[in-house]
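To start, the structure itself, in structure tokens.
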Amino acid sequence: MRVRIIEKRTGAVLADATGDQVAKVEGNWYFDGAAVSKRLQLSSHDYTCPYKGKCYYADYVDDPTRVIDVAWVYGDPKPGWEHIKGKYGFYAGEMRNTRDEVTP
């Protein structure tokens, strides 16, 4: 299976992975950092999930374009969520500024 995350307005590929570089967790896609565009930059915008812990959002930056909050990363998740540590999370389907493309 191949999964790609596309930024809807520009058509930029934000993540592209096959096999064990991508996993679906709680309905969202989580990608290894190597499968994610180098144009994603972590921001100071954070969120604390009551059971996963604190994550930071990532923006897509391609000057002069900046698309905020296209992904998120848990740097130090709570126990039981170590499998998403350092992976980039994206919404599955079409949500906000992104959409996924899944092929067998």
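Put a plus charge on the Cβ of each Lys and Arg, a minus charge on the Cβ of each Asp and Glu, and nothing anywhere else: the dipole of the chain about its Cα centre is then about 80 debye.
Taking a straight line from the alpha carbon of K85, these lysines sit under 25 Å away, with near neighbours fewer than eight places off in the same chain left out: K24, K38, K52, K54. Checking [x] 15.0; [y] 13.7; [z] 16.6 against the coordinates, the calculated Kirkwood radius over Cα pairs in Å falls under label [y]. Normalised by the residues of the chain, what does the relative contact order come to in percent, with Cα pairs under 8 Å and at least six apart? Answer for the chain is 29 percent.
So what's the gap between the Cα centers of the stretch 64-88 and the stretch 21-36, to the nearest angstrom? Comparing the Cα centres of the stretch 64-88 and the stretch 21-36, I get a distance of 10 Å.
Any read-out appearing in this document is the output of simple, stated calculations on the displayed coordinates, not a laboratory observation. Values in this document were obtained by computation on a predicted structure and should not be read as measured data. So basically every Cβ, Gly included, is an ideal-geometry build from the backbone, and we count neighbours across all protein chains shown.
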